[in-house]
Amino acid sequence: MTEIDPSVPLRAQRGDEQAFLEIVEFYYPRCLRFARNMMGNEQDAEEAVQDAFVRVHDSFHRFREDARFDPWLFRILANRCRTLLGRAKRHRELIEYGEVQLAIASAASPIEIEEEFGADWAEEVRLVLETLPPEQREAFLLRHVEDLSYEDIAVITGAGLSALRMRVKRACDTLRIRLTEVEKRNGS
């Protein structure tokens, strides 16, 4: 099940704290996976997810009863990730320690990729994802990891459908090229 029962967000909107806890419990793993892949490290991902849930709680009055909850939640989370990425980028640009540039710590590789293809492959996927422009990485993760429709992604990001399809295509092309190179390197 990828979506929670539609009555749960409505109960949370009406002040039912148990319903809000159900939302957090249901969505936390998915949100953390998305944030980890967007942010590049566990600590920043957890901060983004926690901030997002606080904002969800405080903004329930804005949730439309006829809307789907997933896109609304992921829009808030994606905005938090963008904000934190922007802050980290500005921090890196402003602060240098001698010749050593600040770097974002690497995130754990997705378990599913590692189990199916091995640790080296999973690490390579993570590295390629980190090199993608944030808009492409976000669109790719929402489409292929979170399995959201382009229409839902448009709600989340505010981008048009054709722009989103192009972002996902470019991300897939980059992944395909890079992973083909790795496969050739490991196969020869």
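Given R0 = 30 Å, the distance between the Cβ atoms of A163 and E47 translates into a calculated FRET efficiency of 0.60. Counting beta carbons within 10 Å around each of M166, M38 and listing the fewest first gives the order M166, M38. Using the Cβ-Cβ distance between C172 and L10 with R0 = 45 Å, the FRET efficiency computed as 1/(1 + (r/R0)^6) comes to roughly 0.80.
Packing around the peptides 26-35, 152-161, taken as the average count of other Cβ atoms within 10 Å per residue, puts them in this order, highest first: 26-35, 152-161.
If R0 equals 41 Å, the separation of the Cβ atoms of E123 and H61 corresponds to a calculated FRET efficiency of about 0.45. R170 sits among other residues whose Cβ lies under 11 Å from its own Cβ, and their net charge, with Lys and Arg +1 and Asp and Glu -1, is +3.
Here's the picture: a label point sits 7 Å out from the Cα of E17 along the beta-carbon direction, and within the range 53-86 the residues with their amide nitrogen under 16 Å of it are 54, 57-58.
All of the numbers you see were taken from the coordinates with simple rules; none came from a lab. Owing to the predicted nature of the structure, the values given are computational and were not obtained by experimental measurement. Cβ coordinates were reconstructed from backbone atoms using ideal geometry, including for glycine residues, and neighbour counts include every protein chain displayed.
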